[in-house]
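S.K.: My questions will all concern the structure given below.
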Amino acid sequence: MKVDKVKVIDLANELGIFLKVVTSVKAFENYNSFFNIYDQFDEPCRRIVVLTPFNELEEVNDENPDKDILKGELIEGNVWLEEYPLLVSPKDIMLDKIEIAKELAEKIRKMFLKSQ
């Protein structure tokens, strides 16, 4: 059975949102007893292709970097679509080639149209 596909770049243009490659980071909090404070360090985890209304978005929080992403999941206003290891350069990720199932595209349309 053939699944109808939609180019994600076309969907982004239709909805007036951005298709971006961002770095996911996992925040670790450590207690520093000398200063009696919690220090927070961000550790890069992987690259995520997202649909987002935020043009300046460069990083997303990744609470479960050891688990595969759920394609089409809305997290902090961004829809996560694909994941790549940090070793893959963002220049090598061909955004114009990424496609999703038509049903997922409809779900994403509803998410973003509802939020506008």
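Read the figures in this text as sums done on the coordinates, not as results from a lab. What you see is a predicted model; the values in this text were computed from it and never measured. Cβ: placed from backbone, ideal geometry, glycine included. Neighbour counts: every protein chain shown.
S.K.: Would you kindly give the portion of the calculated P(r) for the stretch 60-116 that falls above 17 Å, as a percent of all Cα pairs?
M.R.: Beyond 17 Å sits 48 percent of the P(r) for the stretch 60-116.
S.K.: Could you list Glu103, Glu56 in order of exposure, starting from the residue whose Cβ has the fewest other Cβ atoms within 10 Å?
M.R.: Going from least to most buried by this count: Glu56, Glu103.
S.K.: Given a Förster distance of 30 Å, report the FRET efficiency between Glu106 and Glu59 from their Cβ-Cβ distance, rounded to the nearest 0.05.
M.R.: Result of the calculation: an efficiency of 0.60.
S.K.: What distance in nm separates the two pseudo spin-label positions at Lys114 and Glu14, each 7 Å out from Cα along the beta-carbon direction?
M.R.: About 1.8 nm separates the two model spin labels.
S.K.: Exceeding 23 Å between C-alpha atoms, which entries from my cross-link table qualify? They are Lys2/Lys91; Lys5/Lys97; Lys2/Lys114; Lys26/Lys102.
M.R.: Violating the 23 Å Cα-Cα cut-off are Lys2/Lys91; Lys2/Lys114; Lys26/Lys102.
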